[in-house]
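Okay, so here's the structure we're looking at.
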Amino acid sequence: MTYTQISILAVLIAVTLDLFVIKTVLLKRAAFWTSYAIILPFQFLTNWWLTSRKIVMYDPEVITGIRFFSAPAEDVLFGFALILSVLSLWINLGKRASANRA
Amino acid sequence: MLAFTVAGSFWLEIALKVRVLRRIRRAMTAIAPVAFCFLIWDAYAIANKHWFFDKEQIIGVFGPLNIPLEEYLFFIIIPLAAIMTIEAVRAVKKDWIIGDEK
C-alpha cells in the first residue's frame with residue numbers, strides 16, 4: 001500500500017475507534033478541535049523543519065505530491081490519526097477512573 | 001525537533017498544572033497501543049522505502065525493525081504533547097465537556 005492509502009486508512013480507523021468502538025466521541029467535542037487547532041500549526045512547523053532540511057525524505061511514487069509547507073499532505077492525515085487515537089484512549093481511561101470512583 | 005516539542009508543550013505541566021506527567025501510567029497506557037501500531041507502520045514504510053532519513057542528520061542509533069531511535073522517541077513525545085494540550089484546554093475552558101468528568 002502507498003503512504004496515501006495507509007494514511008487514509010489510519011484516519012478511518014481512528015475515527016471509527018473514537019465514534020463507534022471506544023465511543024469517546026471526541027470528534028463532537030470543542031475541546032478536541034481546539035486542541036487540534038493548537039497542535040496543527042506546530043505540526044506544520046516541525047514537519048517543515050524535517051522535510052525542508054531533508055532530514056526525512058519521501059518516495060514520490062507513494063505520495064500524491066500535494067505538500068503543505070514542504071511536507072506531504074499525507075503527514076497531516078498521519079498526525080490526525082495519531083493524535084485522535086491517543087486522545088481517545090486517554091479520555092477513555094479517565095472515564096473509567098471516574099466511574100470507579102463513583 | 002523533539003526538544004522543540006518538549007519545550008513547546010511541557011511548560012503546560014507547570015503553568016497550567018495539567019498533571020500529565022503525574023499521571024504517567026495512564027498516559028503510557030493510552031500511548032503504548034497506538035505507538036505500537038504506528039511503529040509497525042513505520043517499520044513497513046522504512047522497509048519499503050516510503051520514507052527514509054538522512055544518515056548525517058540522525059543520531060544513528062537504530063532500535064528493533066531498523067527504526068531510528070528518534071522515531072521511538074517521536075511516538076512517545078508527540079502523544080504526550082497532545083495529551084498535555086487537551087488537558088491545558090480543559091484547564092482553561094473548565095465548562096467544556098470532554099467526556100471523562102467526575
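Quick note: the coordinates plus some simple rules give every number you see, no bench work behind them. All values reported here derive from a predicted model rather than from experimental measurement. Please note: Cβ atoms are built from the backbone with ideal geometry, for glycine as well, and neighbour counts cover all protein chains shown.
Assorted remarks:
Residue by residue, here is whether (1) of a type in the set (F, W, Y); (2) assigned to a helix (DSSP H, G or I) holds:
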site: A:W33; (1), (2): yes, yes
site: A:A37; (1), (2): no, yes
site: A:L40; (1), (2): no, yes
site: A:Q43; (1), (2): no, yes
site: A:N47; (1), (2): no, yes
site: A:L50; (1), (2): no, yes
site: A:M57; (1), (2): no, no
site: A:E61; (1), (2): no, yes
site: A:T64; (1), (2): no, no
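- Meeting the requirement of 1 or more residues that are more than 10 Å from every other protein chain (Cβ to nearest Cβ) and touching a Phe, Trp or Tyr at 6+ places or on another chain (Cβ under 9 Å), the helices (runs of 4 or more DSSP H) wholly within the range B:2-102 are B:24-47, B:69-92.
- Of the candidates A:L19, A:L77, A:L40, A:L93, the single residue that is within 10 Å of another protein chain (Cβ to nearest Cβ) and surrounded by 14 or more Cβ atoms within 10 Å (Cβ to Cβ) is A:L93.
- Residues of the range A:51-62 satisfying the condition of being surrounded by fewer than 20 Cβ atoms within 10 Å (Cβ to Cβ) and facing chain B (nearest Cβ under 8 Å): A:R53, A:K54, A:I55, A:M57, A:D59, A:V62
- Selection within the range B:22-44 - small (G, A, S) and surrounded by fewer than 18 Cβ atoms within 10 Å (Cβ to Cβ): B:A32, B:A43
- Selection over the range B:45-70 of residues that are surrounded by 12 or more Cβ atoms within 10 Å (Cβ to Cβ) and closer than 26 Å to A:G65 by Cα gives a count of 14.
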